[in-house]
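Input: a single structure, listed below in structure tokens.
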Amino acid sequence: MRSTVSLWFAVAHRSFRRYSTYRAATFAGIFTNSVFGLIISFTYIAVWKQNPTAGGYDVADAVTYAWLGQAMIMTVAVWSGGATDDLAARIKTGDVAIDLYRPVSLLGWYLASDLGRAGYHLLTRGLAPMIFGALVFDLHYPANALVWAQFAVSVVLAVTVSFGVRMLVSASAFWLLDDTGVKHLAAVFAMFFSGLAVPLVLFPGWTSDVAQALPWAAYLQVPADIWLGKHQGLDALAAVGFQVLWTVVLLLTCHLVLARANRKVVVHGG
Amino acid sequence: MVDRVAANVSAYALLAWMWIRVSLSYRTSFALLTAGQFLITGLDFVAILVMFSNVDVLGGFSLTEIAFLYGGSALCLGFADLLLGNIERLGQRIRLGTVDQMLVRPLSLFVQVCADEFALRRLGRITQGGLVFAWSIYALDLDWTAARVAMVPYLLVFGTVIFLAIFTIGAAVQFWTAESSELANAFTYGGSTLAQFPMTIYPVEAIKALTFIVPIAFVNWYPSLFILDKPDPLHLPTAAQFAAPVAAALLTVAAAGIWRTGVRRYRSTGS
């Protein structure tokens with residue numbers, strides 16, 4: 001067990017280092033995130049000027065949400081990308097056979113790798129636009145250390161839920177060979193139902209409840225609400241519990257799907 | 001001169017047609033990708049509808065008026081993206097060394113880079129933008145004078161040219177950086193997102209920058225002010241509402257200059 005954990009750490013660490021090689025791309029990305037953060041902030045300001053309590057947020061909540069969204073966009077890999085894309089490519093080329101030979105679980109390996117990537121993206125593409133946003137606008141911050149801790153846990157869970165979804169998308173390549181179409185559609189749903197385009201709390205009537213029960217709500221809406229102090233005490237535990245539930249459901253599904261795929265690959269290889 | 005242009009256009013059409021046939025040979029993937037493009041931009045508009053379920057006006061503009069801005073911006077970006085969207089992969093091509101192969105062919109590099117992997121699936125974005133645009137024109141309670149009607153194709157043509165130039169500049173910069181296209185995205189997709197909303201929601205300094213530095217405001221904002229009969233927050237002379245061709249021409253000259261300089265200084269990858 002101890003060796004497995006240290007292996008995962010090693011994989012995550014290498015993955016972190018791998019992404020940190022592309023510095024210019026990181027700076028370009030931070031610039032793009034900041035530009036979109038500005039545009040979205042101004043649209044939210046216009047909305048909350050007309051309706052100062054829309055969705056139970058005030059204008060500062062809304063602008064904070066806009067910047068949290070930009071910080072999370074790469075961290076949870078809304079547009080897909082990350083370790084799961086490597087898997088899809090390896091399925092296509094057949095290299096995945098080597099992955100399946102390894103005496104470690106495929107799921108654990110790729111999850112560790114994706115967490116390493118997410119760590120890098122959080123510290124660069126997450127933190128830098130957030131600081132920029134904080135310099136330009138009046139933002140809200142977590143009220144105390146407990147909320148910071150809850151937020152940190154929530155971000156990690158956001159990544160694992162998103163990993164579960166992306167892993168299933170990539171695994172579709174075992175059957176379809178090309179996952180581009182599925183990936184594209186998945187990204188569309190993730191973009192919209194994570195609340196990146198517009199906060200889920202703004203959705204009208206029951207659509208808001210439905211959207212907040214879907215796994216994509218764990219990407220941004222839940223961590224953002226924790227940051228903004230919308231979940232207090234037991235409520236915060238329930239919010240984190242929601243993310244844990246989706247993590248477990250998705251990772252179990254991944255496990256089952258990969259087990260089936262495993263059989264398929266062996267048959268395929270003769 | 002005319003011969004050369006004609007030769008380039010027909011080469012472009014030939015390459016594009018080849019890539020269309022390639023994409024149609026993977027029918028499922030093509031259908032999913034086109035539907036994906038339609039949905040991506042479609043949900044963009046649903047997001048605006050969600051906002052309007054909480055408010056009646058945004059920056060002094062009604063939903064139908066914003067739909068007009070949205071449709072105009074989406075169509076201009078969609079046309080530009082269809083015609084030369086793949087130019088943004090120039091950096092990747094430079095790194096892979098495939099630009100060298102293109103340079104030895106007796107054909108303009110620009111034409112080859114634009115037509116390479118021509119993606120018909122981008123019609124998804126155009127269809128969606130077109131539907132919103134058509135709906136807004138139908139729903140807007142406007143007196144459609146000849147001048148207003150004529151302004152619509154005017155907006156679409158020059159708006160597209162402005163985005164074509166921005167795409168080209170974004171790609172040409174990659175001759176120096178050989179990096180990904182993310183920086184360019186801030187101006188192309190960012191510019192189009194920005195233009196979906198009335199400029200009245202942005203600070204005055206931002207509107208000035210979008211008029212005089214990165215002339216995104218000429219894509220659809222100034223022509224729309226004329227069509228929708230709205231006051232100009234910058235109080236520029238009325239001529240500004242017709243100045244899109246000037247902005248488009250200046251930007252095109254700049255784009256051509258940067259592109260040519262980039263091609264001249266290109267030294268291939270490696271040693």
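The values are calculated or read from the model by the stated rules, or taken from the named source; none is laboratory data. Only a predicted model underlies this, so the values are computations on that prediction, with no experimental measurement involved. Glycine also receives a Cβ, built like all others from the backbone with ideal geometry; neighbour counts cover every protein chain displayed.
Pairs meeting the criteria (first residue in region B:41-55 and facing chain A (nearest Cβ under 8 Å), second residue surrounded by fewer than 20 Cβ atoms within 10 Å (Cβ to Cβ) and part of a helix (DSSP H, G or I), beta carbons under 6 Å, at least 6 apart or on different chains) are B:55/A:50.
Scan region B:202-220 residue by residue and report those that are in a helix (DSSP H, G or I), under 23 Å from residue B:152 (Cα atoms) and within 14 Å of another protein chain (Cβ to nearest Cβ). Within region B:202-220, B:207, B:210, B:217 meet the criteria. On the stretch given as region A:168-207, residues that are more than 10 Å from chain B (Cβ to nearest Cβ) and among the basic types (Lys, Arg) total 0.
Out of B:198, B:233, which single residue is modelled with pLDDT of 90 or more, in contact with a strand residue (DSSP E or B) (Cβ under 6 Å, 6 or more places away or on another chain) and within 14 Å of chain A (Cβ to nearest Cβ)? None of the others qualify; the one that does is B:198. Within region B:241-259, the set of residues being touching a Leu at 6+ places or on another chain (Cβ under 8 Å) and more than 24 Å from residue B:174 (Cβ to Cβ) comprises B:241, B:244.
Only one residue in A:36, A:31, A:42 is crowded, with 16+ Cβ neighbours inside 10 Å, assigned to a helix (DSSP H, G or I), more than 23 Å from the chain's Cα centre (by Cα) and within 8 Å of another protein chain (Cβ to nearest Cβ), so which one is that? The conditions single out A:42.
Can you find a residue that is in a helix (DSSP H, G or I), in contact (Cβ under 8 Å) with a residue 24 or more places away in the chain and either in contact with a strand residue (DSSP E or B) (Cβ under 8 Å, 6 or more places away or on another chain) or closer than 20 Å to residue A:133 by Cα (or both) anywhere in region A:19-27? Yes, region A:19-27 has at least one match. Filtering region A:144-199 down to residues that are closer than 24 Å to residue A:62 by Cβ and of a type in the set (S, T, N, Q), which residue is farthest from the chain's Cα centre (by Cα)? The extreme case among them is A:144.
If you check B:224, B:192, which single one turns out to be within 14 Å of chain A (Cβ to nearest Cβ) and in contact with a helix residue (DSSP H, G or I) (Cβ under 7 Å, 6 or more places away or on another chain)? After ruling out the rest, the residue left standing is B:192. Residues in region B:255-267 that are surrounded by 14 or more Cβ atoms within 10 Å (Cβ to Cβ) and at pLDDT 90 or above were compared, and the one that is nearest to residue B:99 (Cα to Cα) is B:263.
Of all residues in region B:9-25, those satisfying the criterion of being farther than 25 Å from residue B:129 by Cα and either within 14 Å of chain A (Cβ to nearest Cβ) or of a type in the set (A, V, I, L, M, F, W, C) (or both) are B:9, B:11, B:14, B:15, B:18, B:22, B:25.
Summed over region B:149-164, the residues that are more than 21 Å from residue B:252 (Cβ to Cβ) and either buried (at least 16 other Cβ atoms within 10 Å of the Cβ) or within 18 Å of the chain's Cα centre (by Cα) (or both) give a count of 1. Cβ-Cβ distances below 9 Å connect the following pairs, each with a first residue in region A:118-138 that is under 9 Å from residue A:67 (Cα atoms), a second residue that is among the aromatic types (Phe, Trp, Tyr) and surrounded by fewer than 14 Cβ atoms within 10 Å (Cβ to Cβ), and a separation of six or more residues or different chains: A:134/A:141.
Those helices (runs of 4 or more DSSP H) of region B:74-188 in which 1 or more residues are in contact with a Leu (Cβ under 9 Å, 6 or more places away or on another chain) occupy B:98-104, B:109-115, B:123-139, B:146-172, B:174-177. Kindly establish whether residue B:6 is more than 14 Å from chain A (Cβ to nearest Cβ), out of contact with any Ser or Thr (no Cβ under 9 Å at 6 or more places or on another chain) and assigned to a helix (DSSP H, G or I). For residue B:6, the condition - more than 14 Å from chain A (Cβ to nearest Cβ), out of contact with any Ser or Thr (no Cβ under 9 Å at 6 or more places or on another chain) and assigned to a helix (DSSP H, G or I) - is met. Of all the listed residues (A:220, A:196, A:200, A:228), the sole one being crowded, with 22+ Cβ neighbours inside 10 Å and in contact with an Asp or Glu (Cβ under 8 Å, 6 or more places away or on another chain) is A:228. Per the listing B:105, B:122, the residue uniquely within 14 Å of the chain's Cα centre (by Cα), surrounded by fewer than 22 Cβ atoms within 10 Å (Cβ to Cβ), modelled with pLDDT under 95 and under 21 Å from residue B:9 (Cβ atoms) is B:122. Confirm whether residue A:60 is in contact (Cβ under 8 Å) with a residue 60 or more places away in the chain, within 12 Å of another protein chain (Cβ to nearest Cβ) and either farther than 23 Å from residue A:109 by Cα or buried (at least 24 other Cβ atoms within 10 Å of the Cβ) (or both). Criteria not met by residue A:60.
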